[in-house]
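Below you'll find the structure, written out as structure tokens, and then a few comments.
The values are calculated or read from the model by the stated rules, or taken from the named source; none is laboratory data. No experiment lies behind these values; they were computed from the predicted model shown. Note: ideal-geometry Cβ built from the backbone for every residue, glycine included; neighbour counts use all protein chains shown.
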Amino acid sequence: MGDGTISVTFWGVRGSIACAGPDTARYGGNTACVEMRCGSRRLIFDAGTGIRPLGREMAAEAGGPIDLFFSHTHLDHVVGLPFFAPAMIPGRHLTLWAGHLLPDRTLEGALRHMMTPPLFPVPVDIFAAELEFRDFRAGETLRPDPAITVRTAALPHPDGATGYRVEHAGRTVAYVTDLEHREGVRDATVVELVRDADILIYDATYTDAEFPARIGWGHSTWQEALRVADAGRVGRVVIFHHDPSHDDAFMDEVAAAAEARRPGTLVAREGMTITT
């Protein structure tokens, strides 16, 4: 892969809770984890259960720095971290980023709380890799590498969440998950974050028909994903964070409807890779 591309691989595409089984086998049942490769640099977004198979692959590779960005720290987005193999390898360097916890909390504190008995039998200190915790405030611009710019924005979600815009070599991918829109109104902050992106990965947990009964739950719809993309002149949309009750047949219907509405739209599947 050349340095002028961003390659995106989906390791976990579900929201709320993992739902492995025959009815979700084609799209996948692991919770959120997305890998972006910017040239030789690897960025990971969220540590749902999908980070486990990613870590298994990475453990067999030569060790470079790893950046792990959390949209937020609800359980479905962090529960895979204790099973991320590179975190167990001495000499690996793992930087963990979060933009929704300051000033009252920190990422290290949240993860230590999760990995504490009786919730989990071993502490964060079991990790042999060098961990660096980087709390920031959503809205800041981050530079994990001189060739990579990561812009951020706060998202409307219970307990807060952060959207990310990754820019590398003239290419842009936006990762915008766990947000609740207002019906009939485009969120100006979100539209600006995704403007002119080559790829938009968006929380499309529900359909417009389902949404009114789920207001306050913190998620959006695939139709809103397309409306945001149109407002921001986005290239390709990837529908993401599938509801665990939406089986493969349901997601096939979403895929067909979204393609008819905005050709080129994709529904995220585990193992799928797309490149800008």
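Could you check region 101-121 and list, in sequence order, the residues that are more than 15 Å from residue 75 (Cα to Cα) and among the hydrophobic types (A, V, I, L, M, F, W, C)?
To start, the set of residues in region 101-121 that are more than 15 Å from residue 75 (Cα to Cα) comprises 102-106, 117-118, 121.
Within region 101-121, 102 is the sole residue that qualifies.
Examine region 79-89 for a residue that is of a type outside the set (A, V, I, L, M, F, W, C), over 22 Å from residue 153 (Cα atoms) and assigned to a helix (DSSP H, G or I), and state whether such a residue exists.
Yes: one or more hits.
Return yes when residue 105 is part of a helix (DSSP H, G or I) and of a type in the set (D, E, K, R) and no when it is not. Quick ask: steps written out before the conclusion?
On the way: part of a helix (DSSP H, G or I): no; of a type in the set (D, E, K, R): yes.
In short, no.
What is the residue count in region 29-43 for residues that are under 15 Å from residue 203 (Cα atoms) and of a type in the set (A, V, I, L, M, F, W, C)?
Count: 3.
Select from region 50-67 the residues that are free of Cβ contacts under 8 Å to residues at least 40 places away in the same chain and either assigned to a helix (DSSP H, G or I) or surrounded by 24 or more Cβ atoms within 10 Å (Cβ to Cβ) (or both) and list them in ascending order.
52, 55, 56, 57, 58, 59 - these are the residues of region 50-67 that are free of Cβ contacts under 8 Å to residues at least 40 places away in the same chain and either assigned to a helix (DSSP H, G or I) or surrounded by 24 or more Cβ atoms within 10 Å (Cβ to Cβ) (or both).
Consider region 174-229. How many of its residues are among the β-branched types (Val, Ile, Thr), surrounded by fewer than 14 Cβ atoms within 10 Å (Cβ to Cβ) and not in a loop (DSSP other than H, G, I, E, B)?
As a first pass, look at region 174-229 and keep what is among the β-branched types (Val, Ile, Thr): 176-177, 185, 189-191, 194, 199, 201, 205, 207, 215, 221, 228.
Still in the list and also surrounded by fewer than 14 Cβ atoms within 10 Å (Cβ to Cβ): 185, 215.
Checking which are not in a loop (DSSP other than H, G, I, E, B) leaves us with 185.
Residues that pass the stated criteria total 1.
Between 93, 77, 72, which is free of Cβ contacts under 8 Å to residues at least 40 places away in the same chain, surrounded by 14 or more Cβ atoms within 10 Å (Cβ to Cβ) and either touching a strand residue (DSSP E or B) at 6+ places or on another chain (Cβ under 9 Å) or closer than 20 Å to residue 143 by Cα (or both)? Can you show your working first?
Numbers: 77 fails: free of Cβ contacts under 8 Å to residues at least 40 places away in the same chain; 72 fails: free of Cβ contacts under 8 Å to residues at least 40 places away in the same chain.
Exactly one of 93, 77, 72 is free of Cβ contacts under 8 Å to residues at least 40 places away in the same chain, surrounded by 14 or more Cβ atoms within 10 Å (Cβ to Cβ) and either touching a strand residue (DSSP E or B) at 6+ places or on another chain (Cβ under 9 Å) or closer than 20 Å to residue 143 by Cα (or both), namely 93.
Of all residues in region 90-103, count the ones that are of a type outside the set (Gly, Ala, Ser) and either in contact with a Gly (Cβ under 9 Å, 6 or more places away or on another chain) or within 18 Å of residue 155 (Cα to Cα) (or both). Even if it seems obvious, please write down each step before you answer.
If we filter region 90-103 for residues that are of a type outside the set (Gly, Ala, Ser), which is where we start, we get 90, 92-97, 100-103.
Those still in the list that are either in contact with a Gly (Cβ under 9 Å, 6 or more places away or on another chain) or within 18 Å of residue 155 (Cα to Cα) (or both) too: 92-93, 97, 100-103.
Total satisfying the criteria: 7.
From 5, 31, 9, which residue is β-branched (Val, Ile, Thr), surrounded by fewer than 24 Cβ atoms within 10 Å (Cβ to Cβ) and under 17 Å from residue 271 (Cα atoms)?
Numbers: 5 fails: under 17 Å from residue 271 (Cα atoms); 31 fails: surrounded by fewer than 24 Cβ atoms within 10 Å (Cβ to Cβ).
Selected residue: 9, the only one of 5, 31, 9 that is β-branched (Val, Ile, Thr), surrounded by fewer than 24 Cβ atoms within 10 Å (Cβ to Cβ) and under 17 Å from residue 271 (Cα atoms).
Pick from 231, 260, 225, 188: which is under 18 Å from the mean Cα position of the chain (by Cα) and modelled with pLDDT of 95 or more? Walk me through how you get there before you give the answer.
On the way: 231 fails: under 18 Å from the mean Cα position of the chain (by Cα); 260 fails: under 18 Å from the mean Cα position of the chain (by Cα); 188 fails: under 18 Å from the mean Cα position of the chain (by Cα).
When all the criteria are applied, what remains is 225.
Report yes if some residue within region 138-149 is touching a Phe, Trp or Tyr at 6+ places or on another chain (Cβ under 6 Å) and farther than 23 Å from residue 213 by Cβ; otherwise report no. Quick ask: steps written out before the conclusion?
Residues of region 138-149 that are touching a Phe, Trp or Tyr at 6+ places or on another chain (Cβ under 6 Å), as a first pass: none.
Looking for residues that are touching a Phe, Trp or Tyr at 6+ places or on another chain (Cβ under 6 Å) and farther than 23 Å from residue 213 by Cβ, one finds none in region 138-149, hence no.
Is it fair to say residue 24 is touching a residue at least 40 places away in the same chain (Cβ under 8 Å), among the polar types (S, T, N, Q) and touching a helix residue (DSSP H, G or I) at 6+ places or on another chain (Cβ under 9 Å)?
Answer is yes for this residue.
Answer with yes or no whether residue 105 is over 20 Å from the mean Cα position of the chain (by Cα), among the charged types (D, E, K, R) and surrounded by 18 or more Cβ atoms within 10 Å (Cβ to Cβ).
Working: over 20 Å from the mean Cα position of the chain (by Cα): yes; among the charged types (D, E, K, R): yes; surrounded by 18 or more Cβ atoms within 10 Å (Cβ to Cβ): no.
So residue 105 does not fit the description; no.
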